[in-house]
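The values are calculated or read from the model by the stated rules, or taken from the named source; none is laboratory data. The model shown is predicted, which means the values in this text are computed figures rather than measured ones. Cβ placement follows ideal geometry from the backbone for every residue including glycine, while neighbour counts extend to all protein chains displayed.
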Amino acid sequence: MKKIKLNLNSRSYFIYIGRNALNSLGGILDGLNIGSDAFVITNDKIKRLHSGKLEKVLKKSGYSVKYKMIQDSERAKAASVCIEILNKIALYDRKKRVFIIAFGGGVIGDTAGFVASVYRRGVPYIQIPTTLLSQLDSAIGGKVAIDLAVGKNLAGSFYQPRAVLSDISLLESLPFPEIRNGLAEAVKYGIIKDPALFTYLEKNYKKAFKFDPDFLARVICKCSKIKAGAVEKDERDKKDIRIMLNYGHTIGHAIESAGNYKTYVHGEAVGIGMLVEALLSYKLDLITEQNLLRIERVLENMGLPTRIKNLNLSKILKAQDHDKKIISGVNRFVLPTKIGSFKVCENIPRSLIEASLKERTA
């Protein structure tokens, strides 16, 4: 099992990566001394597939367990859902020794982390991500948020988990599209920071669809290290370091929102977002056509959509207006300048954004 430390002084924690890493959970929790009562937030499918293993490990180590199932969709990130969860926790937490386990993908991680941050002004939580996307990206870094009517992730905070446990064996049950979604985020890391990772993905991405554990462990470790490094230097997005992780997400989130989180799942939307933002970069003479085509080719080869279908462009532009990075009406984009490098650009003309979206519309 690999172990990566994310250094944040008193809030430092380890990211554990490996096959059957879940077997080590009891010992990890004992070392953290965070409570005796586990409140597990998950969904029906994950509970059916994996709760037996989780519960066995927890009970063997003397922890009580309570489950709360939520939907496996963006609708779970609603304030009403969080209030319901908080009431359930309060009824369970008689001894004031509760800790929360986020057992699922990005939606569950966001919701569980947000709930942990506000219940009794903050209780410990553990991330046990069960999708490729959440293992290599969203479970790390402490950004927790829920959605508002006008946009995604608009109510949230920075609240670090006490540990992240990425058990690669949990990915075996994932359908093909879920693996593909995770690969989109891995491509992002290659484009913004690691050209060797990008080349590795170009040549070896098919191994993910065959569930090659060595390939998955290597990609998850590389992405986790990049994200941990960015969070250590810029935990709260104040220094234009962590912002690099938003590449593809400005347009990607707008695409998700415009489609009511039904037309495209997160990885698909981010894939299209990366292409639109790379096209913006090309129009601004920041990136070569060769690198633009490499980005398009690798996403296309992975089976990710590269063009926008069945969405109104005006809805995408309207959703993009609510992006969290917009300050005093000035937009901010993370644009690639070559494979492995980026630039933060401000005040990009709306006409250029619209033109780039149109070029990527079927």
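A Cβ distance below 8 Å, combined with a sequence gap of six or more or placement on separate chains, defines the contacts here; from segment 130-153, residues that are more than 26 Å from residue 48 (Cβ to Cβ) reach residues that are of a type in the set (Phe, Trp, Tyr) and part of a helix (DSSP H, G or I) in the pairs 145/114.
Having 1 or more residues that are of a type in the set (D, E, K, R) and free of Cβ contacts under 8 Å to residues at least 40 places away in the same chain is the bar; report the helices (runs of 4 or more DSSP H) wholly within segment 289-362 that clear it.
Working: elements: 289-301, 313-320, 350-359.
Those helices (runs of 4 or more DSSP H) span 289-301, 350-359.
Just one of the numbered conditions (1) out of contact with any Cys (no Cβ under 9 Å at 6 or more places or on another chain); (2) part of a loop (DSSP other than H, G, I, E, B); (3) in contact (Cβ under 8 Å) with a residue 40 or more places away in the chain is not true of residue 274: (2). Within segment 197-216, if we keep just the residues that are free of Cβ contacts under 8 Å to residues at least 60 places away in the same chain and among the hydrophobic types (A, V, I, L, M, F, W, C), the residue that is nearest to residue 6 (Cα to Cα) turns out to be 197. Test residue 293 against the criterion of being out of contact with any His (no Cβ under 9 Å at 6 or more places or on another chain), surrounded by 19 or more Cβ atoms within 10 Å (Cβ to Cβ) and not charged (D, E, K, R), and give yes or no. Criteria not met by residue 293. Does segment 260-268 contain at least one residue that is acidic (Asp, Glu), under 26 Å from residue 105 (Cα atoms), in contact with a strand residue (DSSP E or B) (Cβ under 7 Å, 6 or more places away or on another chain) and surrounded by 14 or more Cβ atoms within 10 Å (Cβ to Cβ)? Within segment 260-268 (the criterion being acidic (Asp, Glu), under 26 Å from residue 105 (Cα atoms), in contact with a strand residue (DSSP E or B) (Cβ under 7 Å, 6 or more places away or on another chain) and surrounded by 14 or more Cβ atoms within 10 Å (Cβ to Cβ)), the answer is no, since none of the residues qualifies.
Evaluate segment 333-345: report whether one residue or more is within 22 Å of residue 149 (Cβ to Cβ) and buried (at least 19 other Cβ atoms within 10 Å of the Cβ).
No: segment 333-345 contains no residue that is within 22 Å of residue 149 (Cβ to Cβ) and buried (at least 19 other Cβ atoms within 10 Å of the Cβ).
The residues listed here are 270, 334, 265, 330; of these, the one that is modelled with pLDDT under 95, within 20 Å of the chain's Cα centre (by Cα) and in the same structural domain as residue 207 (by TED's automatic domain parsing) is 265. Scanning segment 10-26 for residues that are part of a loop (DSSP other than H, G, I, E, B) and surrounded by fewer than 16 Cβ atoms within 10 Å (Cβ to Cβ) gives 12, 20.
Has segment 199-212 got any residue that is farther than 25 Å from residue 170 by Cα and surrounded by fewer than 17 Cβ atoms within 10 Å (Cβ to Cβ)? Yes, there is a match, as at least one residue in segment 199-212 is farther than 25 Å from residue 170 by Cα and surrounded by fewer than 17 Cβ atoms within 10 Å (Cβ to Cβ).
Only one entry of 220, 241 meets the criterion of being of a type in the set (Val, Ile, Thr) and closer than 15 Å to residue 340 by Cα, and that entry is 241. A count restricted to segment 151-193 and to residues that are more than 20 Å from residue 217 (Cβ to Cβ), at pLDDT 95 or above and among the hydrophobic types (A, V, I, L, M, F, W, C) stands at 3. The condition (being assigned by TED's automatic domain parsing to the domain that holds residue 318, over 30 Å from residue 71 (Cβ atoms), touching a residue at least 12 places away in the same chain (Cβ under 8 Å) and hydroxyl-bearing (Ser, Thr, Tyr)) is satisfied by just one residue among 257, 281, 224: 281.
The residue of segment 296-326 that is surrounded by the fewest Cβ atoms within 10 Å (Cβ to Cβ), among those that are touching a helix residue (DSSP H, G or I) at 6+ places or on another chain (Cβ under 8 Å) and among the small types (Gly, Ala, Ser), is 303. The number of residues in segment 71-95 being farther than 24 Å from residue 255 by Cα and in contact with an Asp or Glu (Cβ under 9 Å, 6 or more places away or on another chain) comes to 4.
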